[in-house]
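Encoded as structure tokens, the structure appears first; notes follow it.
Derivation of every value follows stated rules applied to the coordinates shown; laboratory data play no part. Note that the structure is predicted; figures quoted are calculated from it, not measured. As a convention, Cβ positions derive from the backbone with ideal geometry for all residues, glycine included, and neighbour counts pool all protein chains shown.
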Amino acid sequence: MTIAVFLVSLLGAMAIGIPIAFSLLLCGVALMWHLDMFDAQILAQNLINGADSFPLLAVPFFMLAGEIMNTGGLSKRIVDLALTLVGHVRGGLGYVAIVAACVLSALSGSAVADAAALSALLIPMMVAAGHDKARSGGLIAAAGVIGPIIPPSIGFVIFGVAANLSISKLFLAGIFPGILIAGALWATWWWLVRKEQIVPPPRRSRGEVWAALRHAGWALMLPLIILVGLRFGVFTPTEAAVVAAVYSLFVAVVIYRELKPSQIYGVFVTAARTTGVVMFLVAAALVSAWLITVADLPGKVVTLLEPFIGSPMLLMVMIMLLVIVVGTAMDMTPTILILTPVLMPVVKAAGIDPIYFGVLFIINNSIGLVTPPVGTVLNVVAGVARIRMDDVIRGVWPFMLAEFAMMFLMVAFPALVIWPARLLYG
């Protein structure tokens, strides 16, 4: 009965158009009535405590860093560097998008920010070169998915807080899987463009490559600083977010001089608005999470999934399929916040490595950003590049399927995630 109250109240509120954050609060109220413990003071207290978390401070600072990088020229220089390195091969602009997505992922941690930057910079170039606009938009959308996987990642921060896991370990564990996802996109793009008769631009000279590397050098230093700092304990993920924001602001204003002092206020306001939406969603979700624990909903879910607990791989497959279905209708952040407190006890009961599960869970939620009909990144690409939504969906299918195939390969062979992760964080 408790599970029914949870699902009916949450899905019913969403179905009639109530925003997800308020739907979560209504779900919490419904659970409190069901448990005969309604108290507005408890509701308010848990709402405040939900956002009162030091690790969650990483979210606004990484969002600010992403806004600064897109406005201040860091993203543009990363794309220019990728163009000089692989732009000359057949289908080179597609490979540029994938390489640039990986580097931008190590700067902002946001799929939306990365997809917006790549759409504005690369899709006009890809169309002018003769590539199909829908396919180009689909590739950019799928490449944006890498943003929440390769650290730093806002998704890992939120999951780490909700699951009470080390965010530093999650960051380091996401590096190799992110590269594997990029490899799947690379292979898919190669297969799709292998018969195109588009003449690529000439290979850049060594001098041009060095010039592009020099211009992008300041931007490339940021992921190195963050990863080395996290690996050797110089700073926490929250402090890394502050470093990213301050460093990107310094480079954009003082070194590249593309972010004018008059623009700084607007950048801060944009980042603050986005942060406000995310943080209220987190606070509302943690109210429901507290009530889920009080109602022992995880215990009931464990009982339901007990037949699968003896086979960790089969359990992972079932969970991944569940997340795929949820991801078609719900955005990444609420999915993480709603499912994490329910699924983590099941994962621990089955003896699955929580860090491994966290990486696969975030990968699945990230791909959910491009699964129609709700895919947030699809909407961003369609809006920025002025492509019809139907065309973007048509273009993203082969890349999305390749990403899901790589994800299930990691489910079948956990060592692809666990071994590199333990090598990195010891």
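Points worth noting:
- Helix 74-86 and the long axis of the chain differ in direction by around 60°, with both axes built from C-alpha atoms.
- Per-residue [θ]222 nm for the chain (sum of -39500 (n - 2.57) over DSSP H runs n ≥ 4, rounded to 500): -25000 deg cm²/dmol
- Folded to 0 to 90 degrees: helix 332-349 orientation relative to the chain principal axis, Cα: 60
- Taking Cα centre as origin and charging only the Cβ of basic (Lys, Arg, +1) and acidic (Asp, Glu, -1) residues, the dipole magnitude of the chain rounds to 1420 debye.
- Here's the picture: charge each Lys and Arg Cβ at +1 and each Asp and Glu Cβ at -1 in the chain, and of Gly147, Val392, Met221 the one pushed furthest to the positive end of that dipole is Met221.
- Against the chain, whose longest principal axis is taken from its Cα atoms, helix 376-385 shows a tilt of about 30°.
- Listed residue pairs exceeding 27 Å between alpha carbons, taken from Lys133/Lys260; Lys169/Lys260; Lys133/Lys195; Lys76/Lys260: Lys133/Lys260; Lys169/Lys260
- Formal net charge of residues neighbouring Val145 (Cβ-Cβ distance under 12 Å; K, R +1; D, E -1): -2
- Computed P(r) (all Cα pairs; the range 54-425; 10 Å bins; percent): 5, 25, 34, 25, 9, 2, 0
- Dipole orientation for the chain: of the candidates Ile167, Leu230, Val96, Val96 has the Cα lying most toward the positive pole (charges on Cβ; Lys, Arg +1; Asp, Glu -1).
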